[in-house]
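The values are calculated or read from the model by the stated rules, or taken from the named source; none is laboratory data. Only a predicted model underlies this, so the values are computations on that prediction, with no experimental measurement involved. A quick note on method: Cβ atoms are made from the backbone with ideal geometry, for glycine too, and the neighbour counts reach across all protein chains shown. Calculation scope for accessible area: heavy atoms of the full protein, side chains included, ligands and nucleic acids excluded. Shrake-Rupley method; radii C 1.70, N 1.55, O 1.52, S 1.80 Å.
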Amino acid sequence: LVARWKNFTPAERAAAADGLLSRGRWVLALLAAIESKHIAASELSAGAIQRLGQNQDAAIRKRAAQVIGRIRPANADKQKLIAEKKGMILRGEPPDMAAGHALAQKTCFVCHKLNGEGAEVGPDLTGSGRSSLDAILANVIDPNQAIGKGYENVLIETKDDRSLSGRVVEDTPTQVRLLSSGPKEEIVAKRNIATMRVSEFSVMPEGLEQMP
């Protein structure tokens, strides 16, 4: 399954992930493939990521967090909303691609890039997070369920009382460079930082389910 992964369709990948998660030694093979970049963590469904984060083996949970990022338990209210949205979409009319592109430009591309268009605050969506309707809805409606490694929201308080936040894209002995929605870039000298911590929440905001 791991060897043939790149030839699978999104539906086949979901089935393959379910199989790999069904036995302990296969879970290790899946994690090794993610670590080696043979399988992208973004190609796993939210359910598969949750199963890794809730594995009964503490070593596997720790390893999954190291390679994927922080994994939180699923939010029941969010899961209900995702199911409602999915039903609404599947019952709806054919999509208006022009209207969707305009909405993406206004809402999504201020942080994400798709087919070369947009910013690099969040992951590039060209090959990430949109393998299925379930994946799209989970990532949009419940962005704090799984926060990808390297995309954590970092909060900085400076000695001159400024509050800054964003994804760390550069951290040197002398300065930190943050990237946030817009995209907006902030460079802070290390000597001017009073506190610096990783937020419990993603750079990506909640509430996007209110989009039409």
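Listed values, structure above:
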item	result
Simple Cβ-charge dipole of the stretch 18-99, Lys/Arg +1 and Asp/Glu -1, about Cα centre, in debye nearest 20	380
Most mobile of 55, 144, 192 in a GNM of the chain (Cα contacts under 10 Å)	192
Average accessible area per residue (Å²) across the chain - probe 1.4 Å, nucleic acids and ligands excluded	59
Environment charge of residue 210, counting only residues whose C-beta is closer than 15 Å and scoring Lys/Arg +1, Asp/Glu -1	-2
Neighbourhood charge, 15 Å Cβ-Cβ cut-off, centred on residue 112 and excluding it, Lys, Arg +1 and Asp, Glu -1	+2
Under Karplus coefficients 6.51, -1.76 and 1.60, residue-wise ³J(HN,Hα) of the stretch 95-109 in Hz, glycine/proline x	x, 8, 5, 5, 5, x, 5, 4, 5, 5, 4, 6, 9, 9, 6
Largest-first ellipsoid semi-axes for the stretch 101-171, taking √(5λ) over the Cα gyration tensor eigenvalues, angstrom	26, 15, 11
Accessible area (Å², 1.4 Å probe, nearest 10) - residue 140	40
Under 17 Å from the Cα of residue 78 - lysines, other chains or at least 8 residues apart	86
Residue-averaged 222 nm ellipticity for the chain, from DSSP H runs of 4+ at -39500 (n - 2.57), nearest 500	-11000 deg cm²/dmol
For the chain, convex hull of alpha carbons as volume per residue, Å³	148
Subset of 113/149; 113/184; 37/149; 6/62; 80/106; 106/184 violating a 21 Å alpha-carbon distance limit	6/62; 80/106
For residue 170, net neighbour charge (Lys/Arg +1, Asp/Glu -1) across residues whose Cβ lies under 15 Å away	-1
